[in-house]
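A short write-up of the structure that comes next.
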Amino acid sequence: MALLPMISDEEAGPEAQVVFKHSTKMFGRVANALRVAAHSPKLAQSIYGFAMAALRQEITEALDVRTKTLVILKTSMLNGCKYWISHNVTLGRGLGFEEELISAIEGDFINSNKFTAAEKAAIKWAEILTEKTYRGENPQAMPELKKHYTHEQIIEITMVSCMFNFWNRFTDSLQIDIEDSPVMGKFSKSKKLK
């Protein structure tokens with residue numbers, strides 16, 4: 001049970017209602033994490049806006065959603081964050097991820113045939129960011145990323161992993177409950193912006 005209550009649609013003030021409306025339009029529902037974040041509606045608006053810009057392929061047009069989802073899953077798996085693992089496994093399945101691929105993200109992804117060389121470099125970078133081994137412990141990681149991605153894409157990969165390191169800590173520290181199955185099922189049907 002969450003350490004702070006979730007703000008219901010009825011309890012939401014005008015600022016939180018704006019975020020809830022956009023979340024419902026985009027994802028078909030409001031995530032429990034956003035309902036808790038809505039206790040500080042201006043921060044919730046800011047983080048939601050940043051998240052949409054970082055996560056939606058059609059906004060930046062720089063990095064595909066598959067790569068972003070792989071990065072999010074690796075980050076969340078390393079942190080052991082059940083909340084965001086469940087969200088992004090659901091999204092991954094909607095993208096066609098099979099159980100073997102999902103297991104490989106957490107395991108020996110480097111030697112897996114489920115990922116391209118570019119995807120392996122992105123997953124490795126998420127691992128380095130999450131484990132904080134970016135100060136020279138992995139000198140080959142950035143040159144490998146640069147083989148496959150533009151500077152803009154590397155920034156996106158980095159921001160997505162760093163943002164989910166934040167979200168992992170936010171949801172875990174406040175013990176935010178994972179939504180039930182019918183609500184989670186709406187996530188795989190996430191819509192593109194028009």
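The values are calculated or read from the model by the stated rules, or taken from the named source; none is laboratory data. Keep in mind the model is a prediction, meaning the values are calculated, not measured. Here the Cβ is made from the backbone with ideal geometry for all residues, glycine too, and neighbour counts use every protein chain on show. Remember, those area values only see protein heavy atoms, side chains included, never the ligands or the DNA or RNA. Shrake-Rupley method; radii C 1.70, N 1.55, O 1.52, S 1.80 Å.
Structure data summary
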item: The range 1-50 shape via C-alpha gyration tensor axes, a/c threshold 1.5; result: rounded
item: Distance between modelled label sites at Arg169 and Lys147, nm, 7 Å Cα→Cβ extension; result: 3.2
item: Charge context of Gly49, other residues only, Cβ under 12 angstrom, K/R +1, D/E -1; result: +2
item: Stokes-Einstein D for the range 102-145, Kirkwood Rh over Cα pairs, 4 °C, 1.567 mPa s (µm²/s); result: 121
item: The chain, accessible surface, carbon-and-sulfur percent (1.4 angstrom probe); result: 57
item: Computed [θ] at 222 nm, deg cm²/dmol, the chain (DSSP H ≥ 4; -39,500 (n - 2.57); rounded to nearest 500); result: -20000 deg cm²/dmol
item: Rel. contact order, % - alpha carbon contacts under 8 angstrom, at least six apart, the range 1-133; result: 19
item: Ordering of 21-29, 88-96 by packing [mean C-beta count within 10 Å, highest first]; result: 88-96, 21-29
item: Span-rule helices in the chain, defined as complete DSSP H runs reaching 27 Å or more along the axis (Cα) with Kyte mean at least -1.0; result: 151-173
item: log₁₀ of I(q)/I(0) at q = 0.14, 0.17 Å⁻¹ - the chain, Debye sum with one point per alpha carbon; result: -0.80, -1.15
